[in-house]
């Protein structure tokens, strides 16, 4: 697992982003085969993905996620998300624009919301060496104060991934998302994602998420992990463009 150390109190210093991304690139030193540029997938009504989500913080508890596109209006795809796990069954929704950016949804468990600016989860066309950086001004749901969500990413190239849905030569992306949930006693949540994206599956076939924050009071400065999950594609069924 790649660990990126950031200065939490000066995170608004935007010039720190480029060195951080360069550090990520240096740590992934093994040669990676180049990939051809991949455009944003054209989502269609009926596109259906099923994922197995393993919660590594809760003794490997497994949740099955069924995600389906239920409408596409003016380039915005609305998805119905159905979770079936150890605590029962629940349903949620998500919206993604034509660029693959998150318009409405959750960046941490159980916290779906409408974003003032869509969150840049990808920068299509995906091509080896491409990086992106986004700063979104928000109002923090926790404090009601002005805050920011920050998204950084780097496309590393092709990496194999074997999941229940099959074996893929997927595009590997390393992504960092910093949320707008900092409070006086703690830093913002930082989520580090390793993503294996496949164009034919119109999305990730494998995704590793690790999220944590640091308490600012006391002598214990260890990161407090709030998410460590593995998402594996079980199946994908394409819908019918209209």
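Before moving on, here are some points about what is shown:
Every residue, every condition in (1) within 18 Å of residue 111 (Cβ to Cβ); (2) touching a residue at least 60 places away in the same chain (Cβ under 8 Å), yes or no:
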residue	(1), (2)
168	no, no
174	no, yes
188	yes, yes
198	no, no
215	no, no
225	yes, yes
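- Residues within the stretch 99-132 that are outside any strand (DSSP E or B) and within 21 Å of residue 73 (Cα to Cα), tallied: 9
Yes/no per residue for (1) exposed (fewer than 15 other Cβ atoms within 10 Å of the Cβ); (2) modelled with pLDDT under 95; (3) within 20 Å of residue 205 (Cα to Cα):
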position	(1), (2), (3)
69	no, no, yes
73	yes, no, no
76	no, no, no
81	no, no, yes
94	no, no, yes
100	no, no, yes
109	yes, yes, yes
123	no, no, yes
147	no, no, no
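- All positions within the stretch 133-149 that are over 13 Å from residue 115 (Cβ atoms) and either part of a strand (DSSP E or B) or in contact (Cβ under 8 Å) with a residue 24 or more places away in the chain (or both): 133, 142, 143, 146
- Only one entry of 209, 225 meets the criterion of being out of contact with any helix residue (DSSP H, G or I) (no Cβ under 8 Å at 6 or more places or on another chain) and within 30 Å of residue 47 (Cβ to Cβ), and that entry is 209.
- Exactly one residue out of 185, 197 is more than 26 Å from residue 87 (Cβ to Cβ), modelled with pLDDT of 95 or more and touching a strand residue (DSSP E or B) at 6+ places or on another chain (Cβ under 7 Å), and it is 197.
- Residues located in the stretch 59-92, provided they are in a loop (DSSP other than H, G, I, E, B) and touching a residue at least 24 places away in the same chain (Cβ under 8 Å): 86
The values are calculated or read from the model by the stated rules, or taken from the named source; none is laboratory data. These figures come from a predicted structure and were not determined experimentally. Every residue, glycine among them, receives a Cβ derived from its backbone with ideal geometry; neighbour counts consider all protein chains shown.
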